[in-house]
1. With every protein chain in place, what's the accessible area of residue 24 (1.4 Å probe, Å², nearest 10)?
2. Using a 1.4 angstrom probe and counting only protein chains, how large is the accessible area of residue 172 in Å², to 10?
3. What accessible area, in Å² to the nearest ten, does a 1.4 Å probe give for residue 164?
4. Go through 129, 40 and list them by solvent-accessible area, largest first, probe radius 1.4 Å.
5. Could you run the Karplus curve 6.51 cos²θ - 1.76 cosθ + 1.60 with θ = phi - 60° over the range 222-233 and give me ³J(HN,Hα) per residue in whole Hz, x for Gly and Pro?
6. Starting from the residue with the highest accessible area, list 242, 18 in decreasing order, probe 1.4 Å.
7. Ignoring ligands, DNA and RNA, what percent of the accessible area of the range 126-169 is carbon or sulfur (1.4 Å)?
Amino acid sequence: MNCPDTQKLIHAYADGELDLVRSLEVEQHLKSCVQCAAERNAVQSLRDALRKNDLAYRAPDSLRNEIHRMVRADEPVREDAPPAGRIQLWFWRLLAAGATAFAVLTILSRSVIPGREPLLDEAVADHVRSLQANHLTDVVSSDQHTVKPWFAGKLDFAPQVRDFAAQGFPLIGGRLDYLDGRTVAALVYQYKKHFINAFVWPSAKANTAVPVLVSYRGYSVINFDANGFHYCLVSDAEGKVLSALAELIRQN
């Protein structure tokens, strides 16, 4: 067995899913190939890590036993069976289905905002790009009276620019960016070692009562409307940090 064939089977081998012959062939190759053995070790380390952290969840024994019992029930419940037996079986089936649906909805509610996935994708991508390309700012200044005039003539609106250094969010500068199908202003703030991109563009909506904060692809993102503008804040800082900056923007 060569390296390409072995690497295709590494995951199945680590999970014990290969038949005896294939498993022995892979094992023999791993003894003589350092590269494939290292790949096997990496896969094994990943599996071990996933079991140890909070991504792993062991179902209660009572639920596991009940599911096993239901799976083993090959014969349908007879119509002449006691009513209590039929009710109990349907109760557990409904309970299992409800638990699954609840888990799926909980995961979705923590991950996305219905209808706003494209905006979240773009905002996070713009934030990451600004850091990777070392292009956080087109105008570097902590003076709001320098940053705001810089946008004049470059946008069809005049963004509100505030420096919140006294509250722990110094203004670093600003730049032009593209988001939600239009050119927007990107105001850059800093919180300790974290950079925050505050994307701004006009909005006809009323002020948001409660800003919408989500965790998306490892970044905190908060959207809200205030003073005739829509704001989308993105950072790798904690959500409570973005919420604090959002509240400062809403009040000023």
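1. Approximately 100 Å² of residue 24 is accessible to the 1.4 Å probe.
2. Number for this one is 40 Å².
3. Spelled out: residue 164, probe radius 1.4 Å, area about 10 Å².
4. Sorted by accessible area, descending: 129, 40.
5. For the range 222-233, the Karplus-derived couplings read 10, 10, 6, 10, 7, 6, x, 10, 9, 10, 10, 9 Hz, x marking Gly and Pro.
6. Heavy-atom accessible area, descending, gives 18, 242.
7. Roughly 48 percent of what the probe reaches on the range 126-169 is carbon or sulfur.
The values are calculated or read from the model by the stated rules, or taken from the named source; none is laboratory data. As the structure is a computational prediction, the values presented were derived from the model and not from experiment. In case anyone asks, the SASA skips ligands and DNA or RNA and just uses the protein heavy atoms, side chains included. Shrake-Rupley method; radii C 1.70, N 1.55, O 1.52, S 1.80 Å.
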